[in-house]
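To start, the structure itself, in structure tokens.
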Amino acid sequence: MIFAVLLLPPLLAAALAALVKPYRLVVGWGTALLALAPLAGGVALCARILNGEVLTWGSGEFLRADGLSALLVLCIAFVAALAAWLGPGLTAADAYSAGERRGYRVYSNLFAFTMFLAVTAHNVGVMWVAVEATTITSALLIPLHVTKPSVEASWKYILICSVGIALAFVGTVLAYFDFVNLAGEQPAALNWTALLASAPSLHREVLQLAFVFLLIGYGTKAGLAPMHTWLPDAHSESPSALSAMMSGVLLAVAIYAIIRWKIVVDAAMGPAFSHRLLVALSLLSLAIAAFSLIGQRNYKRMLAYSSIEHTGLTCLGLALGPLGVFAAMLHMINHTVTKSMMFLLAGRVQQRYQSTEIAEAPGLIRIMPVTAGLFAAGMFAIAGLPPFGLFISEFALMRAGFAAGQTGLMALVLVLLAVAFIALLRNLNRMLYGMPPAATRTGENEPWALAPLGLCVFILLVLGVVLPSPLNGLLNRVVEIVSP
Amino acid sequence: MSAWLVEVFEALFALALAPGLVGLIRWIKARMQSRLGPPPWQPYRELRKLLHKEVVVSDNASWLFRFAPYAVSASTLAIAFLVPLIVVPRRFDMIGDLFVVVYLLLLGTFWLALAGLDPGSAFGGMGASRDVTVAALAEPSTATAIFSLALGAGSTNLGAIVVATLNDPRTVLTPGHLLAFAALFVVALAETGRLPVDNPATHLELTMIHEAMILEYSGRYLALLEWASGLKLFLFLSLLANLFFPWGIAQTMTPAALAWALAVLVLKLVILAVVLAVIETRVAKLRLFRVPELLTASFVLALLAITSSFLLR
Amino acid sequence: MDVLFSQLVVLGSSLTLICALMLLWHRHVYAYTTAFAWQSVVLTGIMAVVAYFERDAEMYFVAALFLLLKGWVIPRLLRRIEQPLGDEQELRPYVNTATSLLVCALLVLFAYAVSRPLVALSRLPTRAGMPLALGLIFISLFVIASRKKALTQVIGFLMLENGIALLAVLGTYGIPLVVELGVFLDLLLGVIVMQLVIYHIRDTFESIDVEQLGRLRH
């Protein structure tokens, strides 16, 4: 039942938007309302999980939701709702044509559906199919405004991500090969619980080879360096609502896939192998992101590189034992809320200044004071300052690292975080203050749209001060699943 | 005693039939192009004509020019004694194996290149440099393909390889075998100067390789060189046929087996002649800078062959 | 019988590898599509051989679907993209032909080294072809990285999917049907989306040269 509430509304919304021609604003409002249903479903799912249940559906448990799935479902539903309410197609004043609005409504809902399927599928093959489908559904949305940079970005996105996902499939096939050689062919062979159950007897070397392919493959989708080259382009050239979905939660879905496989591999050969690989890739991502943030001239690319940095931090947390996993999951939630809000705010800034260059968008505090305030809050958050939630999660990460004995590593991470911090705040300074260009209009357009964004800041403040006990309980369940 | 006689007869048989093979290929090509074409025994008439003609030698030529045709013919004839045509195992195996064959071919190429350079004409020098380039690039493929065959048979001795393949017919379908065949086929096209590497019927400056080197020759020298090039083609094709598909070759000295082996050899050569003619009609000559790419492809095939036969043993 | 099965399968895998080499050898985009189509046909043949020797009816169905999708539908889509482009040649890829061929030979050797544990573990008669499937995967990655035209990159990606399918067939006689169907659907939709993006590229850049897509830097 809960699965129906999660999976059907996006499909219905996509069908609604596809069937009504020409596009009418009421369709936009309809799809936005439908986007609230998965949010309610996600909260209900978390409640059931906290009660200790694990929900399944379908013959052979086709869909299965445990604590980790519930966490991701909540994040996806939240961001999808944000993108539905603040994306193009709700008012006549946004800068898109009717065809573009319709395209956005159809594909963004399909995108949300594929993400929900990816995190609730029991079969790792179906999970793969859903992740590949996310690439396909989002690739057409990047060039919503067909310009040279956006077409370039969408080509890089679809090619690099498809190749990466294909490599993840090689890893899936190799793991299946390992399992089949052990236990013979069974229809339930690719269910990840079956893989986990037989993990200790799986062949080490083959599984190692498989995990390398899987990490490279899903890591491409998550934005881990050195496979991250598509990320700054795709996230900066797409419409801001899509960037919010991609940066906020698609990266998290890719990390979810990595975590599922990590559980199996750790059960088979101990955590050392996967931890080594994760630490190496995370450090590389952190370093590249931190140094690319210096001298960044485009504020959307700046946010994209910050996403790479936070993906690196999340994956680093996964490699630091149970405390690290807790910190990583908390960090994932915080980053989802922050980054989606930031991209939507960046969209408002772009709409006003008609440019994504930092040098061409100064004086924000004079032009749009409320937006500027929220933007500043968000920037402080992603730079890791208190009293926002990201500070708490990064602190928890550090603590986990020191507890695991990785003092040198943590010192290096601190240095890189400091570099990113300086770069981000310098850019914020340049954007907030200074003389705006003469022809820029003052005042907010669509002030009601600021309410959900204000809600995001409120959530971040709450998470920065106290961790609500339901969330604590959910995170503890996730840690049990990931690091038993 | 009779064994030696049989093998000498083999070599003379090759010598006698070589111009016929060249004529047959020419005739099939003509028929495929909807022409009547000269009959398959035309090369014999040409050789007879050339033997009666006067020899004209350039003033700038040295003794190399007069000696080279004999050197080339001699080396090619020596190969004729080593290639298994009708019977295995061979008495002559004690003097040579696959490597000796390859380097006798190279000896012939070397002398021909010198002969091209010697009179000092522009065409000759150009042809010589092109031919040596092709030969140098074909070397790695040949060596690697030979290694892959030798790995399977445990010896580079030609007779031993053929006997090994006859004893274990399933090796014919292995990818190592087939890839080595493809690699050596391309090398054969390159070494004998057939399309797509070199056009044997052209005299245009842009497209000559072999023809350029023998441009200055006339009379009996030209006859010897034409015969040698025909013999080279005959021997290459029979090597390809007998190393990779050796059925029909005689393993005993009975007259019946020998006659049968002779007939089968002629049949295999006719099939290969048809294949060659079809390829030559369908394919255009490669531009010279693309010939290294073709030979690299042949090398890659040979490398894959040796990998398969090494790792799938 | 087992030996014949094994030999046929290895022969087929070598032929798919040779189709990949043909793709590197040619310069016209038209030849790329032809090489890919032939490779898909050979792959279908291998699947049919496996289905015959293992008496697996499901495999016949998968093979038929594979032939339909990759032997007919996708090459038609590709031809439809390349026709308006006229005589676009992959004139000078980032790596020239001779070097590409040598790199591919090295990649096949690397694949043999990497797949040693796989061949050692497997007890199936088709295991000898697994290094070739892995080699095909590596060669496809090289093709994608070294081509300059968007369409040839797509064909490289399709070849990568062929290599993965070959690996699945040789290693485990195919993957569960529901996943297989999902993969086919994904692939078809993926190619359609790539086609649409290439149309966008052609409309905005007037060519499908990937070198032109270099505006977004740092």
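Here are the numbers for this structure:
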{"item": "Answer residue from segment B:284-313, given it is among the charged types (D, E, K, R) and under 20 Å from C:Trp25 (Cβ atoms) and is farthest from the other protein chains (Cβ to nearest Cβ) among those", "result": "B:Lys285"}
{"item": "In segment A:22-68, residue most open to solvent (accessible area, probe 1.4 Å) [restricted to those that are hydroxyl-bearing (Ser, Thr, Tyr) and in contact (Cβ under 8 Å) with a residue 60 or more places away in the chain]", "result": "A:Thr56"}
{"item": "Long-range neighbours under 9 Å by Cβ, at least six apart or interchain, first residue at the interface with chain B (Cβ under 8 Å from one of its Cβ atoms) and modelled with pLDDT under 85 within segment C:1-17, second in a helix (DSSP H, G or I) and crowded, with 24+ Cβ neighbours inside 10 Å", "result": "C:Gln7/B:Pro175"}
{"item": "Output for segment A:265-298, where each listed residue is open to solvent by less than 10 Å² (accessible area, probe 1.4 Å) and at pLDDT 90 or above", "result": "A:Val265, A:Ser274, A:Leu278, A:Ser282, A:Ser285, A:Leu286, A:Ala289, A:Ala290, A:Leu293"}
{"item": "Residue match in segment A:299-318 (condition: under 24 Å from A:Ala381 (Cα atoms) and open to solvent by 20 Å² or more (accessible area, probe 1.4 Å))", "result": "no"}
{"item": "Residues that are more than 7 Å from chain C (Cβ to nearest Cβ) and either open to solvent by 10 Å² or more (accessible area, probe 1.4 Å) or under 18 Å from A:Ala95 (Cα atoms) (or both), drawn from segment A:131-146", "result": "A:Thr137, A:Leu141, A:Ile142, A:Leu144, A:His145"}
{"item": "Residue that is farthest from the other protein chains (Cβ to nearest Cβ) [pool: residues in segment A:193-215 that are crowded, with 19+ Cβ neighbours inside 10 Å and within 25 Å of the chain's Cα centre (by Cα)]", "result": "A:Leu215"}
{"item": "Residue, farthest from B:Arg194 (Cα to Cα), within segment B:265-289, restricted to residues that are surrounded by 15 or more Cβ atoms within 10 Å (Cβ to Cβ) and among the charged types (D, E, K, R)", "result": "B:Lys268"}
{"item": "Every pair of residues 6+ apart whose Cβ atoms lie under 7 Å, when the first sits in segment C:189-217 and is facing chain A (nearest Cβ under 7 Å) while the second is at pLDDT below 80 and open to solvent by less than 40 Å² (accessible area, probe 1.4 Å)", "result": "C:Ile201/C:Ile208"}
{"item": "Set C:Glu54, C:Glu82: member being open to solvent by less than 40 Å² (accessible area, probe 1.4 Å) and of a type in the set (Asp, Glu)", "result": "C:Glu82"}
{"item": "Single match in A:Ile165, A:Ile160 (criterion: over 21 Å from A:Glu100 (Cα atoms), at pLDDT 90 or above, at the interface with another protein chain (Cβ under 10 Å from one of its Cβ atoms) and surrounded by fewer than 23 Cβ atoms within 10 Å (Cβ to Cβ))", "result": "A:Ile160"}
{"item": "Breaking point among (1) open to solvent by 40 Å² or more (accessible area, probe 1.4 Å); (2) in contact (Cβ under 8 Å) with a residue 60 or more places away in the chain, for B:Pro43", "result": "(1)"}
{"item": "Flag if C:Ala133 is more than 8 Å from every other protein chain (Cβ to nearest Cβ), within 22 Å of A:Ile136 (Cα to Cα) and not β-branched (Val, Ile, Thr)", "result": "no"}
{"item": "Every pair of residues 6+ apart whose Cβ atoms lie under 8 Å, when the first sits in segment B:1-24 and is touching a residue at least 24 places away in the same chain (Cβ under 8 Å) while the second is of a type in the set (Lys, Arg)", "result": "B:Ala3/B:Arg91; B:Trp4/B:Arg91; B:Glu7/B:Arg90; B:Glu7/B:Arg91"}
{"item": "Residues satisfying the stated conditions in segment C:35-75, i.e. under 12 Å from the mean Cα position of the chain (by Cα) and among the polar types (S, T, N, Q)", "result": "C:Gln39, C:Ser40"}
{"item": "Which listed residue is in contact with a helix residue (DSSP H, G or I) (Cβ under 9 Å, 6 or more places away or on another chain) and open to solvent by 80 Å² or more (accessible area, probe 1.4 Å), from A:Pro436, A:Pro447", "result": "A:Pro447"}
{"item": "Extreme residue, most open to solvent (accessible area, probe 1.4 Å), among residues of segment C:131-145 that are touching a Phe, Trp or Tyr at 6+ places or on another chain (Cβ under 9 Å) and more than 13 Å from C:Tyr32 (Cβ to Cβ)", "result": "C:Ala145"}
{"item": "Among (1) more than 15 Å from the chain's Cα centre (by Cα); (2) more than 21 Å from B:Pro84 (Cβ to Cβ); (3) modelled with pLDDT of 85 or more, the one test that B:Ala190 misses", "result": "(1)"}
{"item": "Cross-chain or 6+ apart pairs with Cβ under 7 Å, segment B:61-76 first and open to solvent by less than 20 Å² (accessible area, probe 1.4 Å), then small (Gly, Ala, Ser)", "result": "B:Phe65/B:Ala115; B:Ala68/B:Ala115; B:Val72/B:Gly108; B:Val72/B:Ala228; B:Ser75/B:Gly108; B:Thr76/B:Gly108; B:Thr76/B:Ala228"}
{"item": "Residue within segment A:30-42 that is outside any helix (DSSP H, G or I) and under 23 Å from the mean Cα position of the chain (by Cα) present", "result": "yes"}
{"item": "Check on A:Val106, more than 25 Å from C:Asn162 (Cβ to Cβ), surrounded by fewer than 24 Cβ atoms within 10 Å (Cβ to Cβ), away from chain C (no Cβ under 11 Å) and among the β-branched types (Val, Ile, Thr)", "result": "yes"}
{"item": "Residue match in segment C:169-183 (condition: of a type in the set (Asp, Glu), within 9 Å of chain A (Cβ to nearest Cβ) and within 26 Å of C:His28 (Cα to Cα))", "result": "no"}
{"item": "Flag if B:Thr281 is more than 21 Å from the chain's Cα centre (by Cα) and either within 8 Å of chain C (Cβ to nearest Cβ) or of a type in the set (S, T, N, Q) (or both)", "result": "no"}
{"item": "Filter result for the condition that a residue is more than 14 Å from chain C (Cβ to nearest Cβ), out of contact with any His (no Cβ under 8 Å at 6 or more places or on another chain) and open to solvent by 30 Å² or more (accessible area, probe 1.4 Å), over A:Ala93, A:Ala84, A:Ala77", "result": "A:Ala93"}
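For (1) open to solvent by less than 10 Å² (accessible area, probe 1.4 Å); (2) farther than 27 Å from B:Thr307 by Cβ; (3) more than 15 Å from the chain's Cα centre (by Cα), each residue gets a yes or a no:
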site: B:Ala183; (1), (2), (3): yes, no, no
site: B:Val186; (1), (2), (3): no, no, no
site: B:Leu204; (1), (2), (3): no, yes, yes
site: B:Thr207; (1), (2), (3): no, yes, yes
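The values are calculated or read from the model by the stated rules, or taken from the named source; none is laboratory data. Nothing here was measured: the structure is a model prediction, and the numbers come from that model. In this analysis, Cβ positions are derived from the backbone assuming ideal geometry, glycine residues included, and neighbour counts consider all displayed protein chains. For accessibility, only protein heavy atoms count, side chains too; no ligands or nucleic acids. Shrake-Rupley method; radii C 1.70, N 1.55, O 1.52, S 1.80 Å.
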